[in-house]
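The values are calculated or read from the model by the stated rules, or taken from the named source; none is laboratory data. In this text the structure is predicted, and so the values were computed from the model without any measurement. Every residue, glycine as well, gets a Cβ built from its backbone with ideal geometry; the counts of neighbours run over all protein chains shown.
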Amino acid sequence: MMRPKRFKNVTRNGPVQIGSSYDNRGREKHTVACTAPRCGFSADYDSRSAAELAARTHRCPAR
Ligand SMILES: [Zn+2]
């Protein structure tokens, strides 16, 4: 599993994790990453609520 540097407010929704971080322009972004083996889903969002929605609606192809 990848180990992002400086994520904060990491939460977990099943196998899906959400973490907030700042990009190199100082803007907050929110990354959703699925930790299930063979899934590999991850995406960045501009808002926390969009990231949480994506985490909630994510369906693992591995399952
Ligand atoms: Zn998944």
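Within the stretch 39-56, which residues are within 12 Å of P15 (Cα to Cα) and either basic (K, R) or away from the ligand (no atom under 11 Å from the Cβ) (or both)? Let's see the steps before the verdict.
Taking the stretch 39-56 and keeping what is within 12 Å of P15 (Cα to Cα), we get 39-42, 55-56.
R56, the sole residue that qualifies.
Please go through the stretch 22-51 and give me each residue that is touching a His at 6+ places or on another chain (Cβ under 8 Å) and either surrounded by 14 or more Cβ atoms within 10 Å (Cβ to Cβ) or charged (D, E, K, R) (or both), ordered by number.
Kept after step one, since they are touching a His at 6+ places or on another chain (Cβ under 8 Å), are these residues of the stretch 22-51: 32, 34, 41, 44-48, 50-51.
Across the stretch 22-51, the qualifying residues are V32, C34, F41, D44, Y45, D46, R48, A50, A51.
Does S20 satisfy the condition of being at pLDDT 95 or above and assigned to a strand (DSSP E or B)? Full working, then the answer.
On the way: at pLDDT 95 or above: yes; assigned to a strand (DSSP E or B): yes.
Yes, satisfied.
Any chance you could count how many residues in the stretch 18-41 are among the polar types (S, T, N, Q) and free of Cβ contacts under 8 Å to residues at least 24 places away in the same chain? So that I can check it myself, show each step before the final result.
In the first step, residues of the stretch 18-41 are kept if they are among the polar types (S, T, N, Q); the result is 20-21, 24, 31, 35.
Right, trim to free of Cβ contacts under 8 Å to residues at least 24 places away in the same chain and you get 21, 24.
Result for the stretch 18-41: 2.
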